[in-house]
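Read through the structure below, which is laid out as structure tokens, and then see the notes.
Every number here is computed from the coordinates shown, using simple stated rules; none is lab data. Everything numeric in this text was worked out from a predicted model, so none of it was measured. Heads up, the Cβs are rebuilt from the backbone with ideal geometry, glycines too, and the neighbour counts pull from every protein chain shown.
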Amino acid sequence: MSRCILSKLHTRRFGRSLLIVDQCLSTNTLAAQLADTGAPEGLTVLAKKQHHGRGRHGRAWQSPEGGLWLSIVLRPLRTFSPLQCLPAIGAVSIALAANAIHRTKASVRWPNDVILNGRKFAGTLAELKSAGQEPQHVILGMGINTNFPASALIDVIPPPTTLSDALGHEIDENEILGNVLYNLEQMYQQLSAGNHSGILKLLIETDSTAGRRLRINLEHESLTGMFERYLTLSRVRILDDQNNQRDIDTNAVVSVEFPPDGNR
Ligand code: BTN
């Protein structure tokens with residue numbers, strides 16, 4: 001894979017240092033270990049299979065062969081809050097890549113899900129290591145169900161999909177990877193420069209929740225209401241069923257569902 005991916009890479013840094021392993025527990029763990037010993041920003045770790053892939057909020061992420069399981073080492077400056085924005089930016093990168101290459105209508109269900117035909121096929125996980133106030137590194141993990149049947153994923157509720165299932169054919173993983181890394185690098189550069197407006201526009205363009213009734217599961221409460229709008233890259237406004245305006249930090253969200261009585 002490594003030699004083929006080079007022809008699909010159009011980034012300056014992301015993926016230029018690339019470690020591909022047959023298997024590991026979690027690429028996020030492996031990338032964090034490498035970052036601890038000085039790996040440069042942009043180092044990308046790719047595994048054909050993970051034995052203990054992690055999702056958000058302590059959930060497991062099943063990672064059989066045939067998927068794209070990767071983690072990127074980031075070394076953000078203190079001047080922006082990377083952890084808040086990175087899961088969404090990762091998700092937008094994936095949706096844009098699938099749509100550009102396969103003319104799909106993949107979209108983002110904040111904070112970090114990428115969905116196609118109403119089913120999740122990818123997710124992102126950002127993990128920060130800091131020393132005091134100083135961020136040491138952020139590992140941005142991305143899991144993309146590419147070339148395997150969704151039936152290989154056991155007991156995942158709601159049922160997920162894979163790109164090959166949704167499209168009816170195998171896809172070129174190098175092409176997806178190259179495109180995702182390019183999108184991500186572009187947005188990360190903007191974010192680092194403090195320019196959020198272009199990214200917010202892309203987030204709104206790829207969003208799947210606009211004008212929809214949602215069930216939002218937080219750590220200690222669930223609420224249902226209509227999505228009104230993004231306030232920032234990581235804050236959304238909801239009009240709940242009691243007509244209260246609720247501004248929610250998307251990083252506090254455990255999951256978002258479209259209830260069956262949704263209006264779309
Ligand atoms: C989620 O949707 O809950 C996030 C899923 C993130 C999965 C990816 S796969 C590569 C990287 N390594 C991990 O252990 N997790 C992320």
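Karplus-based coupling profile of the stretch 123-134, in residue order and whole Hz: x, 10, 9, 9, 10, 9, 10, 10, 10, x, 7, 8, with θ = phi - 60° in 6.51 cos²θ - 1.76 cosθ + 1.60 and x standing for Gly or Pro. The listed peptides 240-250, 27-37, 10-20, ordered by packing as a protection proxy, come out as 27-37, 10-20, 240-250 (highest mean of other Cβ atoms within 10 Å first). Where does the longest stretch of the chain lie that holds no GluC sites (Glu not before Pro) found in a DSSP loop with 14 or fewer other Cβ atoms within 10 Å? Result, exposed sites excluded: 66-169. Between the stretch 81-159 and the stretch 1-47, the C-alpha centres lie 17 angstrom from each other.
Amide H to amide H, with H built 1.01 Å from N, residue 63 comes under 5 Å of 50, 53, counting only residues 5 or more places away or on other chains. Charges were assigned to the Cβ only: +1 to each Lys and Arg, -1 to each Asp and Glu. The resulting dipole of the stretch 201-255 about its Cα centre is roughly 180 debye. Taking only the C-alpha atoms of the stretch 25-156, the Rg (one decimal) and the largest Cα-Cα distance, Dmax (whole number), read 14.7, 45 Å. Here the Karplus curve 6.51 cos²θ - 1.76 cosθ + 1.60, taken at θ = phi - 60°, turns the phi angles of the stretch 4-14 into couplings of 5, 5, 4, 6, 9, 8, 10, 9, 8, 10, 5 Hz, with x standing for Gly and Pro. Note on the stretch 184-264: Cα Rg divided by 2.2 N^0.38 Å, N the number of residues, gives 1.18. Once backbone amide H atoms are built at 1.01 Å from N, residue 18 has 44 as its partners under 5 Å, excluding neighbours fewer than 5 places away on the same chain. Taking only C-alpha pairs under 8 Å that are 6+ residues apart, what is the relative contact order of the chain in percent? It comes to 17 percent, rounded to a whole number. Would you work out which of 167, 43, 149 lies farthest towards the positive end of the dipole of the chain? Charges go on Cβ: Lys and Arg +1, Asp and Glu -1. Farthest towards the positive pole: 43. Sum up the charges of everything whose Cβ sits under 11 Å from the Cβ of residue 156, counting Lys and Arg as +1 and Asp and Glu as -1, but leave residue 156 out. With Lys, Arg at +1 and Asp, Glu at -1, the neighbours total +2.
Other residues whose C-beta falls under 12 angstrom from the C-beta of residue 246 contribute a net charge of -4, scoring Lys and Arg +1 and Asp and Glu -1.
In the P(r) worked out for the chain, what percent of Cα pairs fall beyond 34 Å? The answer is 13 percent, as a whole percent.
Both the radius of gyration and Dmax for the stretch 117-264 are 17.4, 49 Å, in that order, over alpha-carbon atoms. Would you calculate the separation in nanometres between label points at residue 172 and residue 75, each defined as 7 Å from the Cα along the Cα-to-beta-carbon direction? Taking the two extended label points, one gets 3.3 nm. The Cα-based radius of gyration of the stretch 3-82, divided by its Kirkwood radius, gives an Rg/Rh of 0.99.
When each pair of different Cα atoms in the stretch 142-200 is counted once in the 1/r mean, what is the Kirkwood radius in angstroms, to one decimal?
13.6
For residue 210 and residue 37, a Förster radius of 45 Å and the Cβ-Cβ distance give a FRET efficiency of 0.55, rounded to the nearest 0.05. Legend: calculated FRET efficiency, residue 242 to residue 201, from the Cβ-Cβ distance at R0 = 25 Å, rounded to 0.05, equals 0.20.
If you take all C-alpha pairs in the stretch 1-47, what percent of them are over 14 Å apart? Beyond 14 Å sits 51 percent of the P(r) for the stretch 1-47. Couplings 3J(HN,Hα) for the stretch 202-207, derived from phi with the Karplus relation 6.51 cos²θ - 1.76 cosθ + 1.60 (θ = phi - 60°), are 5, 5, 5, 5, 9, 5 Hz, where x marks Gly and Pro. Taking 0.36 nm per residue of sequence separation and removing the Cα-Cα distance, the residue 228/residue 189 pair yields an extension gain of 11.2 nm.
Here the dipole of the chain is about 420 debye; that uses its Cα centre as origin and unit charges on the Cβ of Lys and Arg (positive) and Asp and Glu (negative). Under 5 Å between amide hydrogens, built in the peptide plane, is the criterion, and for residue 137 it picks out 129 among residues at least 5 positions away or on other chains. A full extension of the chain between residue 151 and residue 22 corresponds to an added length of 44.2 nm, given 0.36 nm per residue minus the alpha carbon distance.
Per residue of the chain, the DSSP helices (runs of n ≥ 4 H) give a summed -39500 (n - 2.57) that works out to -8500 deg cm²/dmol at 222 nm. How high is the FRET efficiency from residue 12 to residue 101, r the C-beta distance, R0 30 Å, rounded to 0.05? Step by step, r from the Cβ atoms, then E = 0.90.
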